[in-house]
1. Filter region 109-131 down to the residues that are assigned to a loop (DSSP other than H, G, I, E, B) and among the hydroxyl-bearing types (Ser, Thr, Tyr), then identify the one that is surrounded by the fewest Cβ atoms within 10 Å (Cβ to Cβ).
2. Can you spot a residue in region 101-108 that is surrounded by fewer than 24 Cβ atoms within 10 Å (Cβ to Cβ), aliphatic (A, V, I, L, M), closer than 25 Å to residue 426 by Cα and touching a Cys at 6+ places or on another chain (Cβ under 7 Å)?
3. Give region 392-408 a look and list any residue that's farther than 17 Å from residue 561 by Cβ and modelled with pLDDT of 85 or more, or say none.
4. Name the single residue that is nearest to residue 57 (Cα to Cα) among those in region 80-108 being assigned to a loop (DSSP other than H, G, I, E, B) and hydrophobic (A, V, I, L, M, F, W, C).
5. Given the options 57, 79, name the one that is in contact with a helix residue (DSSP H, G or I) (Cβ under 8 Å, 6 or more places away or on another chain) and either at positive phi or not basic (Lys, Arg) (or both).
6. Against the condition surrounded by fewer than 22 Cβ atoms within 10 Å (Cβ to Cβ) and of a type in the set (D, E, K, R), how does residue 167 come out, does it pass?
7. Looking at 55, 77, 44, which one is aliphatic (A, V, I, L, M) and touching a Gly at 6+ places or on another chain (Cβ under 6 Å)?
Amino acid sequence: MKNVLCNLLKDYLTGVNIDEIENLLEIPPKNELGDYSFPCFSLAKKLRKSPNIIAEGLKQDLEKSLDKTLIEKVDTAGGYLNFFINKEYYINKVLNDALDDDYGKSDIGTGKTICIDYSSPNIAKNFHVGHLRTTIIGNSLYKIYSKQGYNVVRINHLGDWGTQFGKLILAYKNWSSKELVEKDGIAELLRIYIMFHDEAERNPNLMEEARAWFVKMESKDKEALELWKWFYDISIIEFDRIYKLLDVDFDYYTGESFYIDKLQAVVCELEEKNLLVQSQGAKIVDLDKYCMPPCLITKSDGSSIYAVRDIATILYRKNTFDFDKCIYVTGMEQMLYFSQVFKVIELMGYGFYNNLIHISYGLVNLEGAKLSTRSGNIVYAEDILNEAIKRASLTIKEKNLSLVDKEEVAKSVGVGAIIFNDLINTMIKSVDFTWDRVLNYNGATGPYVQYTCARAKSILRKSNIKIDDINFNAKNLKDASSYELIKLISQYPDVINESANKYEPHFIAKFALLLSQTFNKFYHECSIINSDDEVKNSRLILTYITQKIISDAMNLLGIKCPEEM
């Protein structure tokens, strides 16, 4: 419908391109104002007329050749041009489109590649809720861009290199053993890592010893690399359990260590382009004129630092994947860091720096308390996911639900609740986490949306009718509740595009919630199975389409909708 209205308006708006028209078209907040509105305020300066006069002039022009089979009438209200679409035409168009399995898909990204860098936990450290956020957001963005036809490369850039491993090796040799690490895994590695920092406060020489071990790693010392690889393998086993719970996969686990043999080339290139400056023995790129601190490239002992590894990573990804965009999903505390790295890429003369995108997200607060490793209030991802599954399982038992696969439903509901609670917020907003709200079946939650979808599926099963064997009649769906639901269904492709353009799964989560609320209103106000056959068939098809779109929207968030709840 937007395309139809855009083509109608462009003939009467000289000097206004069709993209401007499309961006201005909106859906009014109230049905009595029409199905679509065209605000004329932003055109006042360009057309040198008041918004009211522009809207009235467009109305008069359009009324001369209005196709009533398509648009019943146009009207104006305070600078808005309002379109009232022929309901039967609109219902037929929307539902026939929505019945297509490809509804919501697009070819916007055909032939284009997007790299997404997300999750990126640190080797030898537990996977905490901060890593949970980046994993959830990155996985959803992957699904959204895939829906648009992009080739999406999913990259888990593991934190598997750096001075922290020198600390860990030293801590292992001083205070641990092979038996203890094999017995307790990451828990033991974390214990001795914390112990190192406690001891280093009393004995500063330990820091120098740790740096020496890291230099050995970079010099390919056999013992240092064997210990590092052992810690790495232990960590991957732990991480894989969490990814399995989330149903998340990656195309590449190329962490920082992968790029070590590519760092010298970056340093040489920076030197050749006169970008490196000596500073207290270290090498930096001075960014003072860009109102940023210097970007540290190598430390005074010659060892590498994060920035040079990320610069090497960017150049490798461009050469390997020829990406159209490379997206980084990390906490907002890294905003300055990525601004520095991207600025260095620009100064190196690479025009694709504009296609490097940093997506930042806010903190997670548990029961009102900020989660912080330094304060000791650490919540691990696996613990919170398992607790959600356990609570969902208890709810199923309390309701005495006779489900075919209770364990799988509990997993879908528990994990889905965590994911939805994250993505219903805009990313930059901190997430407040309380169990009573997250797992509430009646609130703005994942379980509510999943339950609505299961209810719609239950109605279809009880009808004993195959959707392929029936048709709908638009005349039976002109009531207010049905029409409101159909109008919302028509917005789904635009919601996907908005989420992709703004890097915000939030819009899809909000849509899934609103679609569920609107369907429940339709369910309570319109008898479905007990209606006359023709009305029943029409409402069953609307029910089928609704559950199909809820399932698809939730899948784009990384959430499964059970058949029964």
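1. Among those that are assigned to a loop (DSSP other than H, G, I, E, B) and among the hydroxyl-bearing types (Ser, Thr, Tyr), it is 110.
2. Taking every residue of region 101-108 in turn, none turns out to be surrounded by fewer than 24 Cβ atoms within 10 Å (Cβ to Cβ), aliphatic (A, V, I, L, M), closer than 25 Å to residue 426 by Cα and touching a Cys at 6+ places or on another chain (Cβ under 7 Å).
3. 393, 394, 397, 398, listed by residue number.
4. Once the filter is applied, the top-ranked residue is 108.
5. It is 79.
6. No: the conditions fail for residue 167.
7. Going through 55, 77, 44 in turn, the sole match is 55.
Quick grid of which residues meet (1) in contact with a Phe, Trp or Tyr (Cβ under 6 Å, 6 or more places away or on another chain); (2) under 22 Å from residue 484 (Cα atoms); (3) surrounded by fewer than 17 Cβ atoms within 10 Å (Cβ to Cβ):
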| residue | (1), (2), (3) |
| --- | --- |
| 40 | no, no, no |
| 44 | no, no, yes |
| 52 | no, no, yes |
| 66 | no, no, yes |
| 74 | yes, yes, no |
| 79 | yes, no, no |
| 83 | yes, yes, no |
| 90 | no, yes, no |
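The values are calculated or read from the model by the stated rules, or taken from the named source; none is laboratory data. All values derive from a computational prediction rather than experimental measurement. Here the Cβ is made from the backbone with ideal geometry for all residues, glycine too, and neighbour counts use every protein chain on show.
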